[in-house]
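**Student:** The structure under discussion is supplied below as structure tokens; questions concerning it will follow.
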Amino acid sequence: MLDHGKNPHFDHLVALGKGEINRAIFSDPDIYQRELKQIFARCWLFLGHKSQLPNENDFLTAYMGEDPVIVTRQPGGKIGAFLNMCRHRGNRVCRADSGNQRTFTCPFHGWTYGNNGDLKVVPGHKQVYHEELDMEAHGLIPVARIDDYKGMIFATFDTNAPTLDEYLGDMAWYLDMALDRREGGIEFLPGVHKWRIKCNWKFPVDNFAGDSYHGPVSHGSAWESGFEGMPRRKKGYGYEGFQINAGNGHGFGARWAENEEQVYEMALPEFLAYEKERFPETRARLGDLRGMHLSPMHCSIFPNFSMLWQSGNMRVWHPRGVDETEGWSWCFVDRKASPEHRDLVRIHDLQRHGTSGTWEQDDVDNWVQSTMSGRGYVGRQVMQNLSMGINHEIEDPKSIHPDMRGRIAGFQNEINQRSLYCQWAHMMEGEGPAVPGANA
């Protein structure tokens, strides 16, 4: 169990020089509780996309770790986020997934808040509180900072957190390959998939950060059946592409195309016509490196956001205990995409990465089994191996292309997982978050 000292150290759990991780980080309930404080209350967390809040007074509900929040578009267009917890007895003031509301009323005793967080109505304020309750001091607890990157809304509870731009770092530049391929950017299609997984939250984040090694085995049946959708895709090991460590625990994976024809070879057959339609605009907007040579495949933004670009899929892994995760998944498209292409993306995402999708079932089983194996005493004594590609990174990324950023390695390399757990250990140490409105 975790040493309950004031500032325990975590380097002994993450021995990245050898590519080893102590499996206690996936099973120790004390470590999990510290994650909620040191990681989920300090990091920038993804809440949603602006396209989900097109009108004044629109709202959606989300989570930041295990803390429920309301995200609102207030009059004038400002976006805010608040802890979804009444200041009286702690009941949720909003139980809907989304909607359009100027106010939120707690169903317990009727305290009512504006969508800017202000406390507006307290039943019996004069009769039972004798007008002594400080209304201004009892508004909903706001996040410390909220910002967006090209429509993607992030927030943090920590007033000492860096800016979002600083937090994303080089990852923002790489994200443009998904978010800015066409004028107008992207938007979310309606609806969200939500499902519970009996696994530690770090396993899916790890998978999307850079595990291209599992594909030929875990998804072999999908490839062999042709449902994977890309008959010409290489199924072996060591093929062209890169894992990119963008800093701060963020990981990005992309295939490499020498020319336009190879870009089309990597496209899913049902998306080929659309890829040819948008390629000239994409190359003009992003340049040769991001618009042609790099074909984005997957990424994770620390701590719990992931994306599959080719399938038009974004997701968040909400922690629900040391051995349970709740996945939320959205489908996204270019704003300029035709209705026909939108429907193709939606169907493909549903069949492949929906809650019962062919690939999703493969991945979920892996994460569940990996979590379960660490429950026993002996299993927790065995270190997890992340040594693939140690000392075989590309020393000079500029040798690949002068515009390359971050640290890079071959497409099948665990550089991004090592970076993820290094950031995890860093965040688990140090001072806790400075939360606005919290008790001293």
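**Student:** When you go through (1) outside any strand (DSSP E or B); (2) more than 21 Å from Phe242 (Cα to Cα) one by one for Arg315, which number turns out not to apply?
**Tutor:** (1)
**Student:** Take the residues of segment 189-225 that are in a loop (DSSP other than H, G, I, E, B) and under 15 Å from Phe305 (Cβ atoms): which is nearest to the chain's Cα centre (by Cα)?
**Tutor:** The qualifying residue nearest to the chain's Cα centre (by Cα) is Trp201.
Listed here are the residues, each with its yes/no results for (1) farther than 30 Å from Leu420 by Cβ; (2) touching a helix residue (DSSP H, G or I) at 6+ places or on another chain (Cβ under 8 Å); (3) surrounded by 21 or more Cβ atoms within 10 Å (Cβ to Cβ).
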| site | (1), (2), (3) |
| --- | --- |
| Asn248 | no, yes, yes |
| Ala254 | no, yes, yes |
| Glu260 | yes, yes, no |
| Ala267 | no, yes, no |
| Tyr274 | yes, yes, no |
| Leu289 | no, no, no |
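**Student:** Now for a separate question. (1) closer than 30 Å to Gly312 by Cβ; (2) in contact (Cβ under 8 Å) with a residue 24 or more places away in the chain: which one isn't true of Glu56, the others all being true?
**Tutor:** Going through the list (1) closer than 30 Å to Gly312 by Cβ; (2) in contact (Cβ under 8 Å) with a residue 24 or more places away in the chain, Glu56 breaks only (2).
**Student:** If you go through segment 414-429 one residue at a time, do you hit one that is in the same structural domain as Asp323 (by TED's automatic domain parsing), outside any helix (DSSP H, G or I), within 26 Å of the chain's Cα centre (by Cα) and within 30 Å of His293 (Cβ to Cβ)?
**Tutor:** Scanning segment 414-429 turns up at least one residue that is in the same structural domain as Asp323 (by TED's automatic domain parsing), outside any helix (DSSP H, G or I), within 26 Å of the chain's Cα centre (by Cα) and within 30 Å of His293 (Cβ to Cβ).
**Student:** Here is a follow-up. Residues that are under 21 Å from the mean Cα position of the chain (by Cα) and crowded, with 21+ Cβ neighbours inside 10 Å, at least 3 per element: which strands (runs of 3 or more DSSP E) completely within segment 1-104 meet that?
**Tutor:** By residue number, 45-49, 58-64, 67-73, 79-83.
**Student:** Yes or no: Asp147 surrounded by fewer than 20 Cβ atoms within 10 Å (Cβ to Cβ) and either of a type in the set (Ser, Thr, Tyr) or outside any strand (DSSP E or B) (or both)?
**Tutor:** No, not satisfied.
**Student:** With respect to Asp365, is the statement that it is closer than 26 Å to Ser212 by Cβ, among the acidic types (Asp, Glu), free of Cβ contacts under 8 Å to residues at least 12 places away in the same chain and surrounded by fewer than 21 Cβ atoms within 10 Å (Cβ to Cβ) true?
**Tutor:** yes
**Student:** All but one of (1) touching a residue at least 12 places away in the same chain (Cβ under 8 Å); (2) under 30 Å from Ile186 (Cα atoms) hold for Pro339, so report the exception by its number.
**Tutor:** (1)
**Student:** Here's a follow-up. I want to confirm something. Restricting to segment 382-411 and keeping residues that are in a strand (DSSP E or B) and of a type outside the set (Val, Ile, Thr), which single residue is surrounded by the fewest Cβ atoms within 10 Å (Cβ to Cβ)?
**Tutor:** Taking the candidates together, the pick is Asn385.
The values are calculated or read from the model by the stated rules, or taken from the named source; none is laboratory data. This one's a predicted model, so the numbers in the text were calculated from it and none came from an experiment. Don't worry about glycine lacking a Cβ; one is built from the backbone with ideal geometry, like all the others, and counts go over all protein chains shown.
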